[in-house]
Each structure stands twice: as C-alpha cells, then as structure tokens.
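Below is one structure, written out as structure tokens; comments come after it.
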Amino acid sequence: MKTMKTLVIHPCDPTTDFLKGVYSILVEKTVITGGVNSKELKELIMQHDRVMMMGHGSPWGLLSIDCFPGSGMHIIDHDFSELLKTGGNNVYIWCHADKFVQAHNLKGFFTGMFISEAGEAAAMGLGCIDQQTVTLSNEVFGNIAGSHIEESSVRGPHYLWQNIRKEYGMLAKVNPVANYNNERLYFSNGHTTISPRLP
C-alpha cells in the first residue's frame, strides 16, 4: 500500500508545541515551521497527498506568526483555497478554522474555537481556569489525535473525528476545557453533513 505523503504547516510558536504530538508519529511527512514564501508553500502542497495545518489562526486562515517571509498576517488564507480543494483529507487545527473551511467549501477534519491557553478559557466564559487544566487538555488532545492520524490517512476525516471525539470525550467529562473543545470538532468528506455530535 502506498504511504500517504503529508505536508505539515505548523508556524513556529512554543504555545502550540503540544500540536507536534498530532503528527510526530507520521513517517512520510514534511514539516514546515517557517522560512518559505507563499509561492514555495503552494508548490509543496502540490507535491503532497495531504496537508495538515495547525497553530493559531482566525476565520481568515492560519496565522503566520512572522515565521514566513512576505506572507503578511496569514500564511494560509483565501489564496490557498482552490489548491486545498484538491485534497479531501486535510487537517485544519486552529481557532475558528471551521469558518475558513465552510467559507471555501473545503473537506477534512477541522476545529472551531479551540482553547489552548488559560486566557482563552476566561474569554470564552469558562471562568478562572488554571493553566494545568489547559495543559492537560492540550497534551491529551495531541496524543489522541496522533494515535489515529496515520490510520485516518486511509479511512478519512470521519475516522479521525469519531475517535478523537470519543477518547478526548473521556477527559471532557472532568475537564471543562476539553469539554469546550470537544464540542467544536468537525469533519466534512463531501458526503457527510458537518456535525459536532457523535452518531
């Protein structure tokens, strides 16, 4: 069986280092943390079977965090939408990625607002949440997603979504940050309605 070649776009930022767990197990991967321009990044996307994009973001795309020369505020934005439509098994993990995915009719696994810092928890109305609670949520999410990421290259975004929702959901019963995040995980494969809930 052919191994899927995965391109990981993860802008350098220590506050999102926990997301390395999502892709660390992958064998056939190219990890880009910065240092390339938009044209070079588009060429890399065309050379890979799947694209995983993660870090901090907005409804308009994945933030560049000043790691990509000449890219402006976002390294992944509307200019990449047509290119990303060629892949149906991509991964979009950043705050409000759902708005970006839906606006451009993309396919794959993606997140809505995703709390990864204590300040975000307060801003989202969860009250005073200590960083230890957030860190546990972050680490468990990264580990669970990473344990299913290879298999999802074959089975598709629904497989990744279903297993993360189920296993991360165990922590969600006692961790309010995990509970908030888990309710904002989505998938679309072109045939299945985007859904935050398990069947």
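A quick yes/no check of all residues on (1) assigned to a strand (DSSP E or B); (2) surrounded by fewer than 20 Cβ atoms within 10 Å (Cβ to Cβ):
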{"residue": "Glu40", "(1), (2)": "no, yes"}
{"residue": "Val51", "(1), (2)": "yes, no"}
{"residue": "Phe68", "(1), (2)": "no, no"}
{"residue": "Gly87", "(1), (2)": "no, yes"}
{"residue": "Met113", "(1), (2)": "no, yes"}
Those residues of segment 1-38 that are within 21 Å of Ile164 (Cα to Cα), surrounded by fewer than 20 Cβ atoms within 10 Å (Cβ to Cβ) and aliphatic (A, V, I, L, M) come to a total of 3
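Here's the yes/no breakdown for (1) touching a helix residue (DSSP H, G or I) at 6+ places or on another chain (Cβ under 6 Å); (2) in contact (Cβ under 8 Å) with a residue 60 or more places away in the chain:
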site	(1), (2)
Leu83	yes, no
Thr86	no, no
Cys95	no, no
Phe109	yes, yes
Gly112	yes, yes
Ser116	yes, yes
Glu120	no, no
Ala123	no, no
The correct count of residues that are touching a strand residue (DSSP E or B) at 6+ places or on another chain (Cβ under 6 Å) and among the aromatic types (Phe, Trp, Tyr) in segment 10-45 is 1
Which of the residues belonging to segment 38-92 are within 21 Å of Pro14 (Cα to Cα) and small (Gly, Ala, Ser)?
Gly55, Gly57, Ser58, Gly61, Ser64, Ser71, Gly72
All but one of (1) within 16 Å of Gly57 (Cβ to Cβ); (2) assigned to a loop (DSSP other than H, G, I, E, B); (3) among the hydrophobic types (A, V, I, L, M, F, W, C) hold for Leu126; which doesn't?
(1)
Taking segment 136-175 and keeping only residues that are within 18 Å of Gly87 (Cβ to Cβ), surrounded by fewer than 21 Cβ atoms within 10 Å (Cβ to Cβ) and among the β-branched types (Val, Ile, Thr), one is left with Val154
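We did not get these values from a lab; they are worked out from the coordinates using the rules stated. Since we're looking at a predicted model, the values are computed, not measured. Note that each Cβ is placed from the backbone with ideal geometry, even for glycine, and that neighbours are counted across all protein chains shown.
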